[in-house]
Every structure is written in C-alpha cells, then in structure tokens.
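Student: Before anything else, here's the structure in question.
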Amino acid sequence: WAIMSVVGAAVFALLGYVDLDVLPWAHFWSSLCAMLAAAYALAARPVYKRRDTMPHSEVALAALCTAVTAAIACIMPLELKREWISVAWALLAPAVLVVHLRLRIDALAKIALLFAWLAAVRLLANPAVLDYPIGQTIVFNGLLYGYGVPAAAMALSAWLLVRAERDDNQTTLYEVLAVIYSFVLIALEVRHGFHQPAYLGDTSQPFQLLEAATYPVGWLLLALALLGMNV
C-alpha cells in the first residue's frame, strides 16, 4: 500500500505538471511537493514505531522515506536557480545519511548515494556549468560555493559513515567525490584568477606559462593536504 501510494502520487503530480497550464499561485508545485513530503513523513512515523512487529515494515518505510526525499529533491529545481541545484542535492546526501544512521533505515543510505550521483553528474558532466555566472572576485566567487560546498558535503558524508564504523565502498565513493570536487575547484579557481571572466565559457584570453605552472602547484598542495589528513 505504501508503494502504491507513492507511485500514485508521483504519477498524478507528473500528469498535472505536464498538462496544467493555469496555476492557482506562483509557487504551486513547490508547495505541493512540500506538502507531499510532510504527509509522507507523517505516514512514516507510525510505521517506524511498529517496524519490529509489522510485516514488511522495512519495505513500507523505504517507500515512504523515498517519497519524502524525492519530494524535497523536486523542490530544488522548482525554486532555486540552476547553478544552485547541484549544491542543494549535494547537501541532501549528508542530511539523508544523518537520518539513516539515526533511524537505521537502509533505503536512506541508497537515497543519499543517489543524491551524491545526481550532484556529480551536474557538476562534472554538465557543459552548462561553463555558462553559469560566477562573478569577478578572486577565490570568493560562485566557484567556491558551487564546488567547495559539494566537496565539504561529500567529506562530511564520508566522515559520518566512518564515525558509524561503516568504512565500505560507499564511504570510499564519498571520499573520492570530495577529492575530485576539490581538484576541479582548484583548477577552475586558477583559471578564473588569471582571467577573471564573468563565466568560464569565456576563452578569449590566451593560456600563458605562469597559469600553466600554477595548476600543478595547486594540485600538489591538495595532495599534501590529503597526505596530512591520512597520517
């Protein structure tokens, strides 16, 4: 029943989103997603209390928790600017992991991993990031938030799992993503520091020797920092 409820709500919401042209108010869909998230969170509470005696409680909890997180995830692209969607999804990964470790719901660990992958695809395999406005300020610009915050979120996710004595492949994946985001952040900050374009797609200025030499220096400092953390 929980699965049918989740699937039914998702299908009807999707049909409405595609077919309805006239909305009763400006933020109708994000408000609807918020109400669905709250409703399924309330529905999950009695199931969680009866998880030890209720048949198939883990499946029902997984379905309801998936509905909550999916509804929250849908709010992001509806309310945020496109350059902030990846940051929001990356932050959802450690947030979901906290709930997973506290409530011991295994499905939430997979959902957290899904958010991490969604953020990674948008940040690492999305050519549109080159056209996001990042400002002219050196270091403290859109790059620091766009890649620094996801790097910190992945590092926090790995730390949460290590603290819970869950040193497995999922922990390693979060660590690897944190390193990759840091690597890309350094490269893009160096590029921006030498050229200071309003967006990364600006390739009108030449690539000079000093800039080329700065990249490996930044990456070396990152390697030394990682080595120090591992000692």
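Student: More than 18 angstrom separation, counting every C-alpha pair in region 92-164; what % is that? Walk me through the numbers before you get to the answer.
Tutor: Values: 1231 of 2628 pairs.
When all Cα pairs of region 92-164 are counted, 47 percent exceed 18 Å.
Student: Comparing Tyr215, Tyr17, Tyr145, which has the greatest mean-square fluctuation in the GNM of the chain with Cα pairs linked when under 10 Å apart?
Tutor: Evaluated over the chain, the most mobile residue of the options is Tyr17.
Student: Give the angle, between 0 and 90 degrees and rounded to the nearest 10, that separates the Cα long axis of helix 106-124 from the longest principal axis of the Cα atoms of the chain.
Tutor: 30
Student: Going by a ≥ b ≥ c, the root eigenvalues of the Cα gyration tensor, does region 1-76 fall in the rounded group (a/c under 1.5), the prolate group (a/b larger than b/c) or the oblate group? Walk me through the intermediate numbers first.
Tutor: Working: a/c = 3.31, a/b = 2.27, b/c = 1.46.
Prolate is the answer for region 1-76, as a/c is 1.5 or above and a/b outweighs b/c.
Student: Still on this model: I want to verify the translational diffusion coefficient of region 100-230 in µm²/s; compute it with Stokes-Einstein, Rh as the Kirkwood radius over Cα pairs, at 37 °C and 0.692 mPa s.
Tutor: 203
Student: Counting each DSSP H run of 4 or more residues in the chain as -39500 (n - 2.57), what helix-only mean residue ellipticity at 222 nm follows after dividing by all residues, to the nearest 500 deg cm²/dmol? Let's see the in-between values first.
Tutor: Numbers: 8 runs with 168 residues, N = 231.
After summing the helix terms and dividing by residue count, I get -25000 deg cm²/dmol.
Student: Could you work out which residue, out of Gly146, Gly135, Gly16, moves most in a Gaussian network model of the chain, that is, has the largest mean-square fluctuation with Cα springs under 10 Å?
Tutor: Of Gly146, Gly135, Gly16, the Gaussian network model singles out Gly16 as fluctuating most.
Student: Restricting to DSSP loop positions (anything but H, G, I, E, B) with no more than 11 other Cβ atoms inside 10 Å of their own Cβ, which GluC sites (Glu not before Pro) remain in region 115-198?
Tutor: Glu165
Student: Right, something else. Which residue fluctuates most in the GNM of the chain (Cα springs below 10 Å): Tyr181, Tyr48, Tyr132?
Tutor: Maximum fluctuation in the GNM of the chain, among the listed residues, is at Tyr48.
Student: Can I ask one more? Could you work out what % of the accessible surface of region 13-104 is carbon and sulfur, using a 1.4 angstrom probe and leaving DNA, RNA and ligands out of the count?
Tutor: Taking all protein chains in place, region 13-104 shows 69 percent carbon and sulfur surface.
Student: Using the Karplus curve 6.51 cos²θ - 1.76 cosθ + 1.60 with θ = phi - 60°, what ³J(HN,Hα) values do you get for each residue of region 45-51, in whole Hz, with x for Gly and Pro?
Tutor: 4, x, 5, 5, 5, 9, 5
Student: In square angstrom, what is the accessible area per residue of region 1-137 with a 1.4 angstrom probe?
Tutor: 60
Student: May I pose another question? Pairs of alpha-carbon atoms within less than 8 angstrom and 6+ residues apart define the contacts here; what relative contact order does the chain have, in percent? Don't skip to the answer; put the middle values down first.
Tutor: Working: 231 pairs, mean separation 36.6, N = 231.
About 16 percent, as a whole number.
Student: Okay, next question. Calculated from the structure, percent of Cα pairs over 33 Å apart equals which of (1) 17; (2) 30; (3) 46?
Tutor: Of the listed options (1) 17; (2) 30; (3) 46, (2) comes from this structure.
Student: With everything on Cα atoms, drop me the angle between helix 57-79 and the longest principal axis of the chain, reported from 0 to 90° to the nearest 10.
Tutor: 50
Student: Cα axis of helix 169-195 to longest principal axis of the chain: angle in degrees, 0 to 90, nearest 10?
Tutor: It works out to around 40 degrees.
The values are calculated or read from the model by the stated rules, or taken from the named source; none is laboratory data. Everything numeric here is computed off the predicted structure, so don't read it as measured data. Positions of Cβ are backbone-derived with ideal geometry, glycine not excepted, and every protein chain shown enters the neighbour counts. In case anyone asks, the SASA skips ligands and DNA or RNA and just uses the protein heavy atoms, side chains included. Shrake-Rupley method; radii C 1.70, N 1.55, O 1.52, S 1.80 Å.
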